[in-house]
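Notes follow once the structure below has been shown.
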Amino acid sequence: MSQVNEARYFQPNTIQDLMGALTKKDERTYLYAGGTDMIIYLRNHGIFDYSIIDLSKMYCYRYIDPQNDGVMIGALTTMSDIIGSEYLKENYRALWQAAKELGSTQIRNLATLGGNIANASQSADTVPTLMLYRAEVILMDDKGTKTFVPIDEFVVGRGKTILGPNQVITAVRLYQREGMQSFKKLGARKAVTISKVNCSMNVVLEDQIIREVECLVGVIGEKAIRAMDIEQALLGKPLPTIAVEDLSSVCFDCVEQAIPNRSSKLYKRIALKGVLLDAIEDLRSQL
């Protein structure tokens, strides 16, 4: 195992090396992948005494592997890797869109899928899309034991996951969905922005009528939520003719239920309606 100052920095490049590093992990040891969020986190929390397990050389965890009923994506797969995959663009459109809208080109070249999940930011764009695809997070501990955890159970709140002290994310498994998918978000700027509201949708049509719909909304609560009132409002509607009037009241109610006491709810009501309309327009473009 290549390492610099063993007590402070570990850079495993094999699974055995990684397991060895995990045995030495304590509450002041942080896993590092792309590192796009780590420096900000350490600075914001005033953390100056820490150790690092640098996963950037774990190339065995950087892959996109189509399966019979889904796809396995290694935890070290970057957002740029996802954008560059025609397979994901065609079969997992919402994830592909989320990766495409995440940060700048430089950030996408570094940011990893595993890191985005582990960071569990309230504004993480990949989490609602992974929920849409019934994703499972694959964890490995210091003894090599693997555990499969549904993404909705893995992320428990803002910045909070069930990742154990001697565990690491190695991959994510997504399952195929019938129908069409879309991801849209709204930020403070048009580009290179953190989401203020995001939305992942899956619809199944019959003669252009919405017969099944799933809508996951992020950044209006501690974690992404399933917006069942919005789903009910869309069921049975012809996709080509859905209008803003069909969504105004349900967007109001969705935000009110999620954040009743926050001043941002006034803005987010309007933002959510706009994001939903963008997603619907994107779904129309797939007809």
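Taking 17 Å as the cut-off, the amide N atoms of segment 202-234 that come nearer than this to a point 7 Å along the Cα-to-beta-carbon line of LYS160 belong to 219-225. For the pairs LYS185/LYS237; LYS89/LYS237; LYS100/LYS268, flag any whose C-alpha to C-alpha distance is greater than 25 Å. Long pairs (Cα-Cα over 25 Å): LYS89/LYS237.
Here the chain is assigned +1 on the Cβ of each Lys and Arg and -1 on the Cβ of each Asp and Glu. Its dipole about the Cα centre then comes out at about 820 debye. For the chain, the relative contact order works out to 15 percent when only alpha carbon pairs closer than 8 Å and six or more residues apart are counted. Between VAL172, VAL244, VAL197, the residue with the greatest mean-square fluctuation in the GNM of the chain (Cα pairs under 10 Å linked by springs) is VAL244. The apolar share of the surface of the chain, taken as the fraction of accessible area on carbon and sulfur atoms (1.4 Å probe, ligands and nucleic acids excluded), comes to 50 percent. Compared with the direct C-alpha span, the chain from ILE107 to ASN68 gains 10.9 nm at full extension, assuming 0.36 nm per residue. Calculated FRET efficiency, LYS146 to ARG43, Cβ-Cβ distance, R0 = 35 Å: about 0.55 to the nearest 0.05. Our note on the geometry: Cα centres of segment 192-243 and segment 148-184, 19 Å apart. Just want to confirm a number: the relative contact order over segment 28-118, from Cα pairs under 8 angstrom separated by 6+ residues, in percent. Reported as a whole number, the value is 30 percent. Of ILE169, LEU205, TYR9, whose Cα points farthest to the positive end of the dipole of the chain (charges on the beta-carbon: +1 Lys, Arg; -1 Asp, Glu; origin at the Cα centre)? Ranked along the dipole, the leading option is TYR9. Overall, segment 212-287 carries a charge dipole of about 300 debye about its Cα centre when +1 sits on the Cβ of Lys and Arg and -1 on the Cβ of Asp and Glu, all other atoms neutral. Accessible area per residue for the chain is 47 Å², calculated with a 1.4 Å probe on protein heavy atoms, without ligands, DNA or RNA. Considering the zone a paramagnetic label at ARG8 would reach in this model (a point 7 Å from Cα along the Cα-to-Cβ line), which residues of segment 50-67 have amide N under 13 Å from it? Of the residues in segment 50-67, 50-52 have backbone N under 13 Å from the label point off ARG8. Legend: calculated FRET efficiency, GLU245 to SER285, from the Cβ-Cβ distance at R0 = 22 Å, rounded to 0.05, equals 0.55. Annotation: lysines with alpha-carbon distance below 22 angstrom to LYS143 (same-chain offsets under eight excluded): LYS24, LYS25, LYS57. Within the chain, the selection of entire DSSP H helices by a Cα span of 20 Å or greater along the long axis and an average Kyte-Doolittle value of at least 0.0 returns 265-285.
Accessible area per residue (1.4 Å probe, heavy atoms of protein chains only) ranks PHE252, PHE148, PHE48, PHE183 as PHE48, PHE148, PHE252, PHE183, with the largest value leading.
The values are calculated or read from the model by the stated rules, or taken from the named source; none is laboratory data. Being a predicted model, the structure only gives us computed values, none of them experimental. In this analysis, Cβ positions are derived from the backbone assuming ideal geometry, glycine residues included, and neighbour counts consider all displayed protein chains. Areas reflect the complete protein model, heavy atoms only, side chains present, ligands, DNA and RNA absent. Shrake-Rupley method; radii C 1.70, N 1.55, O 1.52, S 1.80 Å.
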